[in-house]
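**Student:** Got a structure for you, written out below as structure tokens; questions coming shortly.
The values are calculated or read from the model by the stated rules, or taken from the named source; none is laboratory data. Here the structure is a predicted model, which means the values were calculated and not measured. Don't worry about glycine lacking a Cβ; one is built from the backbone with ideal geometry, like all the others, and counts go over all protein chains shown.
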Amino acid sequence: MSSPLSGYGADEAWRRRISLIYVSSLTALAIVLKFKFFEIPYPPASFLKYDLSGVPLAIIAFMSFKYVPGSLLLYYLVHLAIGAGTIGADPIGMAMKCLAELSTFTPLVLIYKKVKDERVGSALAVLFAVISRTVVMVAANYAITPYWLLWVKWAVDLQDAYMKTLPILPHIALFNATLALIVSALALVVYRVLRRSGFLQ
């Protein structure tokens, strides 16, 4: 005679498999959306590129934050592997990209799920996602970019590196604010559609 819990265990195993399929698919989509032909340069500073890879990463966070470390690690490593041996290999740049997306979807998901009123929750979630990403990335670029410029030999010394970093910080702030607004708004729309369609809880 089968245990009354056997059906529950089977259901849980099935849900875990489905979740892993979703996470794998969303991670793969994030990786693809980061490819260069999906990127749009930010006009005043063309080294900054808009992309929508943060949307599937945010959906993964909406599913569960336990999937985030593995997804971000795979997202990071695949793009490093693709750029290995070419000028496109930039471990620091990809680490900054991962930090940017993490600082966007973390407040987005936490605030949206905490506030009961959907409209208020959506507005606050997007607002704090924009603020979070902008502050985090300006601070990170101020701290890291000068040393990156020295590493790639685009600055002669640390003082020169800071002198080259400071003028681009306003562009970094505006770029990250606009991208956070786009990604967080789209992620909320996609999440609601998937949830109402029964694909996500």
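The rows are residues; the columns are (1) under 26 Å from Ala81 (Cβ atoms); (2) modelled with pLDDT under 95.
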residue	(1), (2)
Cys98	yes, no
Glu101	yes, no
Met137	yes, no
Ile172	no, no
Ala185	no, no
Ser197	no, yes
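**Student:** The conditions are (1) outside any helix (DSSP H, G or I); (2) without any contact (Cβ under 8 Å) to a residue 24 or more places away in the chain; (3) over 22 Å from Tyr42 (Cα atoms); (4) not charged (D, E, K, R), and Val120 fails exactly one of them. Which is it?
**Tutor:** So Val120 meets the others, but not (1).
**Student:** Are there any pairs, at least 6 apart or on different chains, whose C-beta atoms fall under 6 Å, with the first in the range 47-68 and in a loop (DSSP other than H, G, I, E, B) and the second of a type outside the set (A, V, I, L, M) and surrounded by 24 or more Cβ atoms within 10 Å (Cβ to Cβ), and if so, which?
**Tutor:** Listed pairs, sorted by first residue: none to list.
**Student:** So which of Ser197, Ser184 ends up being surrounded by 18 or more Cβ atoms within 10 Å (Cβ to Cβ) and of a type in the set (Ser, Thr, Tyr)? Quick ask: steps written out before the conclusion?
**Tutor:** Values: Ser197 fails: surrounded by 18 or more Cβ atoms within 10 Å (Cβ to Cβ).
After ruling out the rest, the residue left standing is Ser184.
**Student:** Restricting attention to the range 148-190, which residues are closer than 19 Å to Phe47 by Cα and in a loop (DSSP other than H, G, I, E, B)?
**Tutor:** Val152, Lys153, Trp154, Ala155
**Student:** Quick one: in the range 140-153, which of the residues that are of a type in the set (A, V, I, L, M) and farther than 11 Å from Met96 by Cα is surrounded by the most Cβ atoms within 10 Å (Cβ to Cβ)?
**Tutor:** First pass over the range 140-153, keeping only residues of a type in the set (A, V, I, L, M): 140, 143-144, 149-150, 152.
Filter once more, so that each one left must be farther than 11 Å from Met96 by Cα: 143, 149-150, 152.
Numbers: Ala143: 10, Leu149: 19, Leu150: 15, Val152: 9.
Selected residue: Leu149.
**Student:** Taking the stated definitions as given, is Phe105 part of a loop (DSSP other than H, G, I, E, B), touching a residue at least 24 places away in the same chain (Cβ under 8 Å) and of a type outside the set (Gly, Ala, Ser)?
**Tutor:** Details: part of a loop (DSSP other than H, G, I, E, B): no; touching a residue at least 24 places away in the same chain (Cβ under 8 Å): yes; of a type outside the set (Gly, Ala, Ser): yes.
Judged against the criteria, Phe105 is not a match.
**Student:** While we're on this one: From the list Ala10, Ala28, which residue is at pLDDT below 95, over 20 Å from Arg133 (Cβ atoms) and surrounded by fewer than 19 Cβ atoms within 10 Å (Cβ to Cβ)?
**Tutor:** Numbers: Ala28 fails: at pLDDT below 95.
None of the other options fit; the residue is Ala10.
**Student:** Can you tell me which residue in the range 142-177 is nearest to Tyr50 (Cα to Cα), limited to those that are touching a residue at least 12 places away in the same chain (Cβ under 8 Å) and among the polar types (S, T, N, Q)?
**Tutor:** Filtering the range 142-177 for residues that are touching a residue at least 12 places away in the same chain (Cβ under 8 Å) and among the polar types (S, T, N, Q), the one nearest to Tyr50 (Cα to Cα) comes out as Asn176.
**Student:** Still on this model: So is Thr134 of a type in the set (Ser, Thr, Tyr), farther than 30 Å from Val152 by Cα and either in contact (Cβ under 8 Å) with a residue 24 or more places away in the chain or surrounded by fewer than 21 Cβ atoms within 10 Å (Cβ to Cβ) (or both) or not? Outline the logic, then answer.
**Tutor:** Working: of a type in the set (Ser, Thr, Tyr): yes; farther than 30 Å from Val152 by Cα: no; either in contact (Cβ under 8 Å) with a residue 24 or more places away in the chain or surrounded by fewer than 21 Cβ atoms within 10 Å (Cβ to Cβ) (or both): yes.
Answer is no for this residue.
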